[in-house]
Amino acid sequence: MKNIFSVARYTYLEMVRNKILYILLFFSFFIIGLGIIITQMTMGNPQDIISDIGLGTTEIFLTVTSVFIGVSLVRRELTLKTLHPLFARPVSRAEYMLGKFFGIEITLFILTLVMSVIFMILLTFYGGFSRFFTFIPAIYTIFIQTSMVTAVAVFCSTLAEPAVAAMLSVSFYIIGTISYNLVHFITKNTSESVVKLVTTVRYILPDFHYFNIKNNLVYGTGIDKISLTSATFYSLAWIVILLALAVVFFNKKEIN
Amino acid sequence: MNYPVVLENVVKIYSHPMKVWEKVVSVNDLSFELPEGRVTGFVGHNGAGKTTTIKMIMGFITPTKGKISVLGKEPSDVISKKKIGFLPERPYFYTHLNSREFLSYFGSLSGLSRSDLDRLIPLTLKRVGLEDLGKRRLSSFSKGMLQRIGIAQAIIHDPDLVIMDEPMSGLDPIGRKEVKDVIASLRRDGKTVLFSSHILSDVEDLSDNVLVLSKGQKQYSGSLEALLERNISKYEIVFSAKNEGAVFNDFPKAEKLSKTYLLSFATDEEMSKALYELIAKKYTIINAGAVRPKLEEIVYGGEI
């Protein structure tokens, strides 16, 4: 446990000192700034538009960051050979992998807080301070979805080079985001075998539909506690499965 | 005698990265034992299989065949690594950390407590000549400095077995001297050390034992002294004379040096006989003994 904590702590330190993280953060602020301009140019409720852009930017920024960090951290250490002195210590590969994952999670949690504060300031500027608190469940689901994407990225990084691993992770994310709607679209028009195939894909791959509650909150449809709880357990189950598989593959890997 | 590291008939075969049907034998039927409390120099040409052997001992890669025991356990055993210090061939470390953070990280992974780290970090930095650079990030370090901080992380937890892959590489003469001092102090402390090096004079200065590898196969494993003695090619006597005119009459084969004379022999018996003669004829003996070849001549000259 102590080793996992040490690896997580220094992984967090590595990311906090990584310039690319700040470039991504700056870019997300830029998008939010763009959102303010769009608010001036459209007819809709400014609070709804700001909420849409704020939550959307938070989700995209955290997803991109988690894929970028998830695929590169372990692979980079393999390429740079920084793992040799590390695995010369009494540290198992499972401890290392979990430490890396939790280090990324701490960073993503802090980034989520930063993005939320920016979002809250913006909403307050448009007179929606109290409304911000109704969006906390959406921010929470974005965070647990991002955690799942991180686990996908870490898993993919044990299989392939960073570029391929990033493409794989993004593919998982896209399939996971659209698979629910895809099932409902094709049931009316397509053959039963295709429906079975798509339904199977939906069940065997991570399904990110569980985390999509922000529209319900922005446009007032509401959510229930059960969907938040089930999203949490669904995410946890996938994280455990993906990290366990990542450890199995990583244990078999020769560290040249 | 205990042997912290034992290799039995170890083979490592790699597949060609592009053509998987092509196999490359990196280490072939390698067996040796590392004696406890001794410094062993690990030598051989580039591509001889030294780094591959070290990686197998450290459990980073697994042998295709054969058995390796490290401190009585499998190389992959996590717990036994508390007693091992390791310096990799290329000193690539976490450049976003400063020296203190780096040693703190690796020390904590070896089970050192906060108070131990506070005490040991300054001492270890001083031992490798980096005492003034505790707060400097590794990203600004030269290769020699990285090598030193690498040695610091390898010894901070006072390991019983220290394995270093090219510890003198990239160091200036002062740096080399400091690293040699560290290895000498490890020897005095009774640690078992295995270090590979291309600088054979350093191996000769520091090692009790040598392990010579060529094309993945063991050429020699054992005492350095025995290897050097095995390769003695001649014996010499250096002497001076008061009556220089008589030297070439008494010893026609003598060679004139600047102020002295040199006699060379093929065997020690011939040398002993000449010594008695020199003493009887009142010549002054300055030096007499076997001429040992340099380790470099033995290893790279193919004389093993």
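The values are calculated or read from the model by the stated rules, or taken from the named source; none is laboratory data. Being a predicted model, the structure only gives us computed values, none of them experimental. Neighbour counts run over all protein chains shown; Cβ positions are idealised from the backbone, glycine included. With ligands, DNA and RNA removed, areas are computed over all heavy atoms of the protein, side chains included. Shrake-Rupley method; radii C 1.70, N 1.55, O 1.52, S 1.80 Å.
Computed quantities for the displayed model
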item	result
Helix-derived mean residue ellipticity, 222 nm - over chain A, DSSP H n ≥ 4, -39500 (n - 2.57), to 500	-27500 deg cm²/dmol
Sequence of A:I139, A:I36, A:I20 when ordered by accessible area, the most exposed leading, probe 1.4 angstrom	A:I20, A:I36, A:I139
0 to 90° range, to nearest 10: angle between helix A:136-157 axis and chain A longest Cα axis	30
Mean separation of Cα contacts under 8 Å (6+ apart) over length of chain B, as relative contact order %	20
Accessible-area composition of the protein assembly as shown, carbon plus sulfur, in percent [1.4 Å probe]	61
Sites A:F26 and A:H209 - FRET efficiency at Förster radius 30 Å, r taken between beta-carbons, to 0.05	0.45
GNM top mover of A:Y140, A:Y22, A:Y96 - chain A, alpha-carbon springs below 10 Å	A:Y22
Prolate/oblate/rounded call for the stretch A:54-209, Cα gyration tensor, a/c under 1.5 rounded	oblate
Cβ-placed point charges (K, R +1; D, E -1), dipole of chain A about Cα centre in debye, nearest 20	620
Acute angle (nearest 10 degrees) that the helix B:173-188 long axis makes with the longest principal axis of chain B, alpha-carbon atoms	80
Rounded tilt (10° steps) of A:192-204 against the dominant C-alpha axis of chain A	70
Cα gyration tensor, the stretch B:30-74 - rounded (a/c under 1.5), prolate or oblate	oblate
Formal net charge of residues neighbouring A:P46 (Cβ-Cβ distance under 14 Å; K, R +1; D, E -1)	-1
Linear extension gain, B:R114 paired with B:V24, 0.36 nm per residue minus alpha-carbon span	27.8 nm
Choice from B:A184, B:A266, B:A154 with maximal GNM fluctuation in chain B (Cα, 10 Å cutoff)	B:A266
B:R148, B:R114, B:R187, reordered so the largest accessible area comes first (probe 1.4 Å)	B:R114, B:R187, B:R148
Antiparallel DSSP beta bridges within the protein assembly as shown, as percent of all bridges there, nearest 5	65
Over the stretch B:127-250, relative contact order from alpha-carbon pairs under 8 Å, at least 6 apart, %	18
J(HN,Hα) series, the stretch B:75-81, from Karplus relation 6.51 cos²θ - 1.76 cosθ + 1.60, nearest Hz, glycine and proline x	x, 7, 5, 6, 4, 5, 6
Residues in the stretch A:61-103 reached by a label modelled at A:V248 [backbone nitrogen below 19 Å; 7 Å Cα→Cβ]	A:93-98
Which listed pairs, of B:K12/B:K234; A:K81/B:K191; B:K234/B:K281; B:K73/B:K294; B:K23/B:K67, have C-alpha distances above 28 Å, in listed order	B:K12/B:K234; B:K73/B:K294
GNM flexibility winner over chain A from A:F133, A:F119, A:F143 (Cα, springs under 10 Å)	A:F133
A:R9-B:E225 pseudo-label distance in nm [points 7 Å out on the Cα-to-Cβ vector]	4.7
Rounded to the nearest 20 debye, dipole of the stretch B:1-138 from Cβ charges on Lys, Arg, Asp, Glu	320
Residue-by-residue Karplus 3J(HN,Hα) for the stretch B:289-297, coefficients 6.51, -1.76, 1.60, Hz, glycine and proline x	x, 7, 9, 8, x, 6, 4, 4, 5
Solvent-accessible area buried by B and A, counting both chains, probe 1.4 angstrom, square angstrom	2700
Where labels lie 7 Å past Cα in the beta-carbon direction, separation of B:S31 and A:A163 in nm	4.8
Unit charges on C-beta of K, R, D, E only; dipole of the protein assembly as shown, Debye	540
Residues of type aspartates and glutamates that A:K100 reaches as a straight line, Cα spacing below 14 Å, ignoring anything fewer than 8 places off in the same chain	A:E14, A:E77
Relative contact order (percent, whole number), the stretch A:90-200, Cα cutoff 8 Å, 6+ residue spacing	18
Rounded to whole Hz, the Karplus (6.51, -1.76, 1.60) HN-Hα couplings of the stretch A:39-54, x for glycine and proline	4, 5, 9, 10, 8, x, 5, x, 5, 5, 5, 4, 5, 4, 5, x
